[in-house]
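Q: Take this structure first; my questions come after.
The values are calculated or read from the model by the stated rules, or taken from the named source; none is laboratory data. Fair warning: this is a prediction, and the values are worked out from it, not measured in the lab. For neighbour counting, all protein chains shown are included, and Cβ atoms are generated from backbone atoms with ideal geometry for every residue, glycine included. For accessibility, only protein heavy atoms count, side chains too; no ligands or nucleic acids. Shrake-Rupley method; radii C 1.70, N 1.55, O 1.52, S 1.80 Å.
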Amino acid sequence: MKKRIRFLSVLLGAALALSCVGCGKTNTDTDSTQNTSDKVDKVQQIVDSMSLEDKVAQLFIVQPEAIVDIGTVTAAGDATKQAMDKTPVGGFVYFRDNLQSKQQVQEMLSSVQKYSKDRTGLPAFLSIDEEGGTVARVAGSGRFDVTNVGNMADIGASGDVDQAKQAGDTIGTYLSDLGFNLDFAPDADVLTNPENTVVKKRSFGSDPQVVSDMSLAVAQGLAQHQVHSVYKHFPGHGATEGDTHKGYAYTNKTLDELKQSELVPFDHAIKNGAEFIMAAHISVPSITNDDTPTSLSKTMITDVLREQMGYDGIVVTDAMNMGAVTEQYTSAQAAVKALQAGADIVLMPENFQEAYQGVLDAVKNGELTEQQINTAVTRIVKVKVNM
């Protein structure tokens, strides 16, 4: 009798166990799937509710002077609000002259953020070039009581990844305090051309693994303060000859050669969830068979970065008012080509109104499809709803 009771107990226990296999996991998975589905639905609803004009506006990050007819913008009042109501751009980038004091910057950015949310329901990307060292709009201005973390070349030479993480943490702390949420850093360039002076002090060095580890550490430091990072300058400015700020810059490396060095940090960033990558105006004729800048190249952005490297985050162009672009293209042509190539955000066109209208016209005449616009806007909104 005892054996029978024991046998029945075992059967009952097994039945209960089988009936509950994966119970806890199922609940967790269901919740996770539901949350993901809800977020996707929310993003889709937002995109579907936007007019074409508002969608196209979201594809631009501009200097505040591009929409407000003022010499140097240091505040955001009625003129800024009216301009954003008319053309709700995706974000702004600020430079040293825009930044006068802590209180002034905080008030300016707070106002801009309110105008953006009131108009679109979405925050604006409030961005800055703050790498540290020679590229530090805040820490290098002498107007703020913050620490300049120094050149990345020195941090790279130390071999101490913790220093890179601390640099990101320091920068993220004061940027977040001021109201910024997007930093055009880290510099993920591998310095393979010793004659390159553009990123010489800005790069972590010539070792792809060191650059990979240090870049990720800076990004993680920034992320601790809800400051999004932008890895730059894809496919790698450290190998180039020339300066894209002034005009043509190129590398003759093949894709296989780039994969061995310059692309390693970007691949590492992608594998670690990079949300933004900046496409440089570097020409790679050995890959594209022409002199088209990477920022405007479908081969480099869609074929290499997206399809081969598996990146589905936001691609932002380098500043489109640089000589490498303006010497060859109008603002409208450059903006359209960048979006055709697979970029999502056009940064600082030389003439914003011309670029904006050029994109709208391109959709209307079929050069760009509304689906291409929707794809880019969806990537942008996906990040913004979590900010």
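Q: For Asp361 paired with Thr147, estimate the spin-label separation in nm (one decimal), with each label point 7 Å from Cα along the Cα-to-Cβ line.
A: Modelled inter-label distance: 5.2 nm.
Q: If you take every residue apart from Lys114 with its C-beta less than 14 Å away from the C-beta of Lys114, what net charge results, scoring Lys and Arg +1 and Asp and Glu -1?
A: The answer is -1.
Q: As a test of the definition: which semi-axes, in Å, follow for the range 100-244 when you take the square root of five times each eigenvalue of its alpha carbon gyration tensor? Largest first, please.
A: For the range 100-244, the ellipsoid semi-axes come out as 28, 16, 14 Å.
Q: Follow-up question, since we're still on this one. Can you tell me the orientation of helix 102-120 relative to the chain, as the angle in degrees between its alpha-carbon axis and the longest Cα principal axis, to the nearest 10?
A: 70 degrees
Q: Helix 161-178: angle to the longest alpha-carbon principal axis of the chain, degrees 0 to 90, nearest 10?
A: 70 degrees
Q: Within the range 59-217, count lysine pairs with alpha carbon atoms under 30 angstrom apart where the residues are 8 or more positions apart or belong to different chains.
A: Counting lysine pairs in the range 59-217 gives 12.
Q: Please give the net charge around Arg143, taking every other residue with its beta carbon less than 12 angstrom from that of Arg143, where Lys and Arg add +1 and Asp and Glu add -1.
A: Overall, the nearby charge balance is +1.
Q: Hey, can you find the accessible area per residue of the range 333-387 for me, probe 1.4 Å, expressed in square angstrom?
A: Using a 1.4 Å probe on heavy atoms only, each residue of the range 333-387 averages 39 Å².
Q: On to the next question. Compute the accessible area per residue over the range 120-178, keeping the other protein chains in place, probe 1.4 Å, unit Å².
A: Counting only protein heavy atoms, the per-residue value for the range 120-178 is 38 Å².
Q: Still on this structure, please answer the following. Can you pick out the pairs among Lys55/Lys232; Lys55/Lys259; Lys298/Lys382 whose Cα atoms lie more than 30 Å from each other?
A: Violating the 30 Å Cα-Cα cut-off are Lys55/Lys259.
Q: On the accessible surface of the chain, probed at 1.4 Å, how many percent belong to carbon and sulfur atoms?
A: 48 percent
Q: Determine the shape class of the range 146-215: with a ≥ b ≥ c the square roots of the Cα gyration tensor eigenvalues, call it rounded for a/c under 1.5, and otherwise prolate if a/b is greater than b/c, oblate otherwise.
A: Cα axes put the range 146-215 in the prolate bin.
Q: Shifting gears a bit: So how do Asp207, Asp189 rank on accessible area, 1.4 Å probe, biggest first, that is with the largest at the start?
A: Per-residue accessible area, sorted high to low, gives Asp207, Asp189.
Q: Based on DSSP H runs of at least 4 residues, each adding -39500 (n - 2.57), what is the mean residue ellipticity at 222 nm of the chain after dividing by all its residues, to the nearest 500 deg cm²/dmol?
A: So the helix-based figure for the chain works out to -14500 deg cm²/dmol.
Q: Over the range 212-333, consider all pairs of different Cα atoms and compute the Kirkwood hydrodynamic radius from their mean reciprocal separation; express it in Å, one decimal.
A: Value: 14.7 Å, from the Cα pair sum.
Q: Can you compute the radius of gyration and Dmax for the range 85-175, using only the Cα atoms, both in Å?
A: That works out to 15.4, 49 Å for Rg and Dmax.
Q: I would also like to ask the following. Taking the alpha-carbon centroid of each part, what is the distance from the range 146-219 to the range 47-99 in angstrom?
A: That distance is 29 Å.
Q: Tilt of helix 331-341 relative to the longest C-alpha principal axis of the chain, in degrees (0 to 90, nearest 10)?
A: Once rounded, the angle reads 30 degrees.
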